[in-house]
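**Student:** Take a look at this one; I'll ask things after.
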Amino acid sequence: MVSDELTPAGRRVLDAASALFYANGIHAIGVDTIAAEAGVTKKTLYDRFGSKEALVLRYLRERETQWQVQLGEALARHTEAGPERVLAVFDAAIERVGHAGGRGCSAINARAEVDDPDDDLAREVLAQKAGMRKLFRRLVSEAGYADPDELAKSLMLLYDGALATDGVGTFAAPMRAAQRTARRLLDGWS
């Protein structure tokens, strides 16, 4: 990427790419399609982002930034350490999946398209997921739960499982089901 600051044309490219990648997948969408949807030339796309790979990383990072803002707002409503603060993560996710278009997690979807674990995209997704696990660990540790590492892993399974289930459409409101299960897990954790 050439710069973190986006020109109006760069913003149109990123917005178009984000919508197209999320709806169709990363490999299914070429730069010609993105440029046409954004109303720019391929040269403008490359001038602003350098490569499709850099655009994909910017897409994933921007979605993560948006999620972190939404998550921060949910946690700010539950400032006292305890189960309700942990469950606030699921509150934020319920709100997000309700507006995301039913395609599940953009990071999980993107990672499914890459075989090489050393690929920049794979590393970006791993970093985002490690950050969520670290957050769960911190929240349960602050709440005084025993074995916070193991509990954080269990909560991540519920969270990511619900995101994947949302993308597949196996049943309605999987994040709500995950939150109910998380509550039972927290209530019974010793």
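The values are calculated or read from the model by the stated rules, or taken from the named source; none is laboratory data. Given the structure is predicted, the values throughout are model-derived calculations rather than measurements. For neighbour counting, all protein chains shown are included, and Cβ atoms are generated from backbone atoms with ideal geometry for every residue, glycine included.
**Student:** Can you spot a residue in region 79-87 that is under 28 Å from S18 (Cα atoms) and part of a helix (DSSP H, G or I)?
**Tutor:** No; the residues of region 79-87 include none that is under 28 Å from S18 (Cα atoms) and part of a helix (DSSP H, G or I).
**Student:** For region 60-99, give me each residue that is among the small types (G, A, S) and in contact (Cβ under 8 Å) with a residue 12 or more places away in the chain.
**Tutor:** Once the filter is applied, which keeps residues that are among the small types (G, A, S) and in contact (Cβ under 8 Å) with a residue 12 or more places away in the chain, region 60-99 yields A74, A81, G82, A88, A92, A93.
**Student:** If I filter region 45-65 for residues that are surrounded by 15 or more Cβ atoms within 10 Å (Cβ to Cβ), closer than 30 Å to S190 by Cβ and out of contact with any strand residue (DSSP E or B) (no Cβ under 9 Å at 6 or more places or on another chain), do I get at least one hit?
**Tutor:** Scanning region 45-65 turns up no residue that is surrounded by 15 or more Cβ atoms within 10 Å (Cβ to Cβ), closer than 30 Å to S190 by Cβ and out of contact with any strand residue (DSSP E or B) (no Cβ under 9 Å at 6 or more places or on another chain).
**Student:** Tell me which residues, restricted to region 23-77, are of a type in the set (D, E, K, R) and more than 21 Å from R133 (Cα to Cα).
**Tutor:** Of everything in region 23-77, those that are of a type in the set (D, E, K, R) and more than 21 Å from R133 (Cα to Cα) turn out to be D32, E37, K42, K43, D47, R48, K52, E53, R58.
**Student:** Same structure, new question: For region 18-49, which residues satisfy the criterion of being out of contact with any Gly (no Cβ under 9 Å at 6 or more places or on another chain), within 16 Å of D120 (Cβ to Cβ) and either assigned by TED's automatic domain parsing to the domain that holds R103 or assigned to a helix (DSSP H, G or I) (or both)?
**Tutor:** F21
**Student:** Still on this structure, I have one more. Determine, yes or no, whether A127 is at pLDDT 95 or above, under 19 Å from A172 (Cα atoms) and small (G, A, S).
**Tutor:** Taking the combined requirement at face value, the residue does not satisfy it.
**Student:** While we're looking at this one, here's another question. Give the number of residues within region 132-164 that are polar (S, T, N, Q) and either under 19 Å from L75 (Cβ atoms) or not assigned by TED's automatic domain parsing to the domain that holds L87 (or both).
**Tutor:** 1
**Student:** Right, another one. R103: closer than 27 Å to H27 by Cβ and within 19 Å of the chain's Cα centre (by Cα), yes or no?
**Tutor:** When the stated conditions are applied, R103 passes them.
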